[in-house]
Amino acid sequence: MDRELIRKAFGQIIETEMVGEGKLLYGVSPVPVKVIPGSPFVFILPVGTNRSMEYLGTNEWNGAVKIEISVIVQVSDGATYTEVNSSDIVDRIEKKLSEVILANKENELWTNIEYDGETSISLGEVGKQGYFYKEQITLLFEVM
């Protein structure tokens, strides 16, 4: 059970599905950065791990890995959207992420993905970059 591999693999899936011309995101990073390079942006961050012995008397772990998806959307990017429709951008990203999760419920690294509780959205200021929406989505990846 390797949280780093799962986090980076899921980040690659999001990048493939959601980053690029005509897609919803500017970029994805598996680590936090000091300056957000563009908006909208997603961070894939570690949250925790739940390990248990798969079978009594074995040396194999079974359990789950928690990962936070932090969606950062500048209130206005000055070009493609403004304060009027930035909330809509947040909603579209969340909807697309739910589709990506459903399409990738299992692979060679995990056996299931579930939401781990409700998502939360806040509005905050990031230095000289202005105001941003931040949606936090915690996912639970079941692993063998």
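Legend: Rg and Dmax of the chain, from Cα coordinates, 16.5, 60 Å. Taking θ as phi - 60° and the Karplus parameters 6.51, -1.76 and 1.60, the scalar couplings of the stretch 3-17 work out to 4, 4, 4, 5, 4, 6, 5, 5, x, 5, 4, 4, 4, 4, 7 Hz in sequence order, x denoting glycine and proline. In order along the stretch 38-48, the Karplus-derived 3J(HN,Hα) couplings, from 6.51 cos²θ - 1.76 cosθ + 1.60 at θ = phi - 60°, round to x, 10, x, 9, 10, 10, 10, 10, x, 10, x Hz, and Gly and Pro are given as x.
With both labels modelled 7 Å from their Cα along Cα-to-Cβ, the Lys34 to Ile121 distance reads 3.1 nm. Dividing the summed -39500 (n - 2.57) terms of all DSSP H runs of n ≥ 4 by the residue count of the chain sets its mean residue ellipticity at 222 nm at -8000 deg cm²/dmol. Across the stretch 3-143, the relative contact order, built from alpha-carbon pairs under 8 Å that are at least six residues apart, equals 23 percent. For the stretch 131-144, backbone phi angles converted through the Karplus equation (6.51, -1.76, 1.60; θ = phi - 60°) give residue-by-residue couplings of 8, 9, 7, 10, 9, 9, 10, 9, 10, 10, 9, 7, 10, 10 Hz, Gly and Pro being listed as x. For the stretch 3-143, the dipole from Cβ point charges (+1 on Lys and Arg, -1 on Asp and Glu) about the Cα centre works out to 380 debye, to the nearest 20.
Relative to the longest principal axis of the Cα atoms of the chain, helix 86-103 runs at roughly 20 degrees. So for the chain, if I pair up every lysine 8 or more residues apart or on another chain, how many of those pairs have alpha-carbons under 28 Å apart? Final tally of qualifying lysine pairs is 28.
Only the coordinates and a few stated rules stand behind these numbers; no lab work does. Not measured: the values here are computed from a predicted model. Here Cβ is always computed from backbone atoms with ideal geometry, including for glycine, and neighbour counts include all displayed protein chains.
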